[in-house]
Amino acid sequence: MPTPQTQVTVTVRTFAQRFSATRRGARLARRLAAHQLDVWGVPHGTSASDAVVLIVAELSANAVVHGRVAGRDFALRLVHRPAAALVRVEVSDTHPALPVCLAPSADADGGRGLLLVGALASRWGVTERTGPGKTVWAEVDLPGRAPAGHPA
């Protein structure tokens, strides 16, 4: 008779929402992300919450300004893996152009969003998505990182 194996419980929390590709939609995405993190036990005002919320704000603003296609929304997806002490942010839009991370001139008003994302995130990148467009993602390691070998 085979020996029963114990199963490790893996909790993954997900929040997904579509928003209008407007400044108002980007602001709502940021506010809902802050609220959802707090519900998940990543409190407002902590460095982890602030980092994730700023990443959501930058990626949402990019989706509205650079990834906007008339009549199309952008999507936000947050994934919290408590066992891995990780939050993943995914922002998808329908524009085919890939984001470009350039160093802006010192007097430029904008162009620093992806530099901020790169500074705040543990990892980030761009992937294709089903349908038109792309998904820009970023992962933030939370304090209390899971020990090596712990399931994520």
Query raised in the report: Mind checking the angle between helix 47-65 and the chain's longest principal axis? C-alpha axes, 0 to 90 degrees, to the nearest 10.
Result: 40 degrees
Report task. Compute the acute angle (0 to 90°) between the alpha-carbon long axis of helix 23-39 and the principal axis of greatest extent of the alpha-carbon atoms of the chain; round to the nearest 10°. Result -> 20 degrees
Query - Cut-off 13 Å (backbone N to label point 7 Å along Cα→Cβ of Arg13), residues of segment 33-61 - result: 33-44, 49
Query raised in the report: What's the Cα-based Rg to Rh of segment 1-117, Rh via Kirkwood?
Result: 1.11
Requested in this report: Please turn the phi angles of segment 91-101 into ³J(HN,Hα) values with the Karplus equation 6.51 cos²θ - 1.76 cosθ + 1.60 (θ = phi - 60°), one per residue in order, whole Hz, x for glycine and proline.
Outcome: 10, 10, 9, 9, 7, x, 5, 7, x, 10, 9
**Report entry** Per-residue ³J(HN,Hα) for segment 126-140, Karplus 6.51 cos²θ - 1.76 cosθ + 1.60, θ = phi - 60°, Hz, x for Gly and Pro
**Finding:** 10, 10, 6, 10, 5, x, x, x, 8, 10, 9, 10, 8, 10, 10
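Bear in mind that the values in this text are calculations on the coordinates, not laboratory data. What you are looking at is a predicted structure, and each value in this text was computed from that prediction instead of being measured. Quick reminder, even Gly has a Cβ in these numbers, built from the backbone with ideal geometry, and neighbours come from all protein chains shown.
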